[in-house]
1. For region 221-244, check the following and say yes or no: at least one residue is under 30 Å from ASN164 (Cβ atoms), hydrophobic (A, V, I, L, M, F, W, C) and open to solvent by less than 20 Å² (accessible area, probe 1.4 Å).
2. If you take the residues in region 181-215 that are part of a helix (DSSP H, G or I) and closer than 15 Å to ASP320 by Cα, which one is farthest from the ligand (Cβ to nearest atom)?
3. Hey, among ILE182, ILE141, ILE203, which residue is closer than 28 Å to THR86 by Cα and of a type in the set (Val, Ile, Thr)?
4. Assuming ALA45 fulfils every condition listed in (1) within 11 Å of the ligand (Cβ to nearest atom); (2) open to solvent by 10 Å² or more (accessible area, probe 1.4 Å); (3) under 18 Å from CYS89 (Cα atoms); (4) not in a loop (DSSP other than H, G, I, E, B) apart from one, which condition is it?
5. Output the residues belonging to region 69-106 that are closer than 23 Å to ILE187 by Cβ and of a type in the set (Asp, Glu).
6. Taking ALA126 as the residue in question, decide whether it is more than 16 Å from the ligand (Cβ to nearest atom), crowded, with 18+ Cβ neighbours inside 10 Å and under 23 Å from PHE283 (Cβ atoms).
7. Quick one: in region 66-87, which of the residues that are more than 16 Å from ALA19 (Cβ to Cβ) and assigned to a helix (DSSP H, G or I) is farthest from the ligand (Cβ to nearest atom)?
8. In region 130-169, what count of residues is obtained for those that are in contact (Cβ under 8 Å) with a residue 60 or more places away in the chain, of a type in the set (Ser, Thr, Tyr) and surrounded by 18 or more Cβ atoms within 10 Å (Cβ to Cβ)?
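The values are calculated or read from the model by the stated rules, or taken from the named source; none is laboratory data. Because the structure is a prediction, the values reported are computed rather than measured. As a convention, Cβ positions derive from the backbone with ideal geometry for all residues, glycine included, and neighbour counts pool all protein chains shown. SASA here: full protein model, heavy atoms, side chains in, ligands and nucleic acids out. Shrake-Rupley method; radii C 1.70, N 1.55, O 1.52, S 1.80 Å.
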Amino acid sequence: MNKMSKKYNWAILGCGNIAKKFSTELKMLPNANLYATASRNIENAQNFANQFGFEKAYGSYQEMVEDPNVDIVYIATPHNFHLEHTLLCLKYKKAVLCEKAFAINSKEVEQMITSSKENNTFLMEAFWVIFRPKYLKVQEIIASENLGKLKFVKSDFMFNGEYNPQNRLYNVDLGGGSLLDIGIYSIFTALMFLGVPDQVKSIPHFSPTGSEESISMLFGYKNGATAVLTSSFDSEYKNESELCFENGIIKYDRFSKDPILLITNKKTTEISFENGPNLGYQFEAIHVMECLGKNLKESPILPLSLSLKLMNILDDVRKDAGIIFPNHD
Ligand SMILES: NC(=O)c1ccc[n+]([C@@H]2O[C@H](COP(=O)([O-])OP(=O)(O)OC[C@H]3O[C@@H](n4cnc5c(N)ncnc54)[C@H](OP(=O)(O)O)[C@@H]3O)[C@@H](O)[C@H]2O)c1
């Protein structure tokens, strides 16, 4: 068996919402072995394992990392636990794919990076969109068309979450708020196409629990470009990005299978792409296994320095907006 076709034993740490979506797609990969689940509650771990066909179920995260057969851990707990859970897995030399937001702030991300280096163990943020066909196609269009300089980015991510103080999204202790959950996608769009902003302004709105419920952000760049970004839990679903160049505009909905629109000379062209059958969580999992096959300790596509840049911008936005996570900041 060559290195690329080696089978890897995956474990899920935190059997919640996103872990279900991820496992549905992980199950389709021939070199991913659905090996173990870990939950704070053995019944939950066992039900999850039964649902997706994992071999083992553990009633604590600690027991799972002590299993020498686990190769890769997918961390799917709320953001406030990402530091603790990443350090736990790296200590036991498990390769880690950790959900976004990578942590609560850049101080925590720096600790995670240090631990990855000290343990010489693979670590990557599960920022799945960077591996999705739609995003790759947008990059391809930019490279192949003569669009000139990018002057303006607009990116939104909104949905109506129906206010619920019990929900993680409204719980400040769990890193709640639209910014780290979905605003991070809008910011990522600006980061990937315009880079790190020189100026950050924001206007937040807070829910009765004190969590940020919606936010509008304005980024400025020394070259004259700007970005207008939003995220919100209290509006109708919207997930669009617009990249306005000197000679054309690219418009796309982030997750839908709708074609990408290219507008040049006031003419709109629809550009389709091969989306594949799933939402696209499998691409990040394939990439992690490819990296391990090459004995890499971080991804060349989504390096830890990129995750740190993203978190630095989130920190800057939070500072400007007055969004505080009491046990972390
Ligand atoms: N990539 C994406 O598209 C995407 C989409 C949604 C969410 N996410 C990210 O994934 C992470 C988890 O989100 P989610 O919506 O899946 O969250 P969730 O369902 O509310 O919680 C995930 C799991 O975390 C574990 N957990 C450990 N301690 C907890 C505590 N004190 N309170 C609540 N849960 C605790 C629980 O698992 P056990 O009970 O099994 O221990 C829980 O089921 C977040 O960082 C989020 O940003 C990513």
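1. Looking only at region 221-244, we keep the residues that are under 30 Å from ASN164 (Cβ atoms), and these are 228-241.
Filter once more, so that each one left must be hydrophobic (A, V, I, L, M, F, W, C): 228-229, 233.
Retained after the next criterion (residues that are open to solvent by less than 20 Å² (accessible area, probe 1.4 Å)): 229, 233.
For region 221-244, residues under 30 Å from ASN164 (Cβ atoms), hydrophobic (A, V, I, L, M, F, W, C) and open to solvent by less than 20 Å² (accessible area, probe 1.4 Å): present.
2. Initial filter on region 181-215 (part of a helix (DSSP H, G or I)): 181-194.
Next, only the ones that are closer than 15 Å to ASP320 by Cα stay: 183, 187.
On the way: GLY183: 11, ILE187: 14 Å.
Among those residues, the one meeting the criterion is ILE187.
3. Details: ILE141 fails: closer than 28 Å to THR86 by Cα; ILE203 fails: closer than 28 Å to THR86 by Cα.
On inspection, the qualifying residue turns out to be ILE182.
4. So ALA45 meets the others, but not (2).
5. GLU99
6. Working: more than 16 Å from the ligand (Cβ to nearest atom): no; crowded, with 18+ Cβ neighbours inside 10 Å: yes; under 23 Å from PHE283 (Cβ atoms): yes.
So ALA126 does not fit the description; no.
7. Initially, region 66-87 is screened for residues more than 16 Å from ALA19 (Cβ to Cβ), giving 66-69, 71, 80, 83-84, 87.
Within this subset, residues satisfying the condition of being assigned to a helix (DSSP H, G or I) are 80, 83-84, 87.
Details: ASN80: 8, LEU83: 12, GLU84: 10, LEU87: 15 Å.
Among them, the one singled out is LEU87.
8. The total comes to 1.
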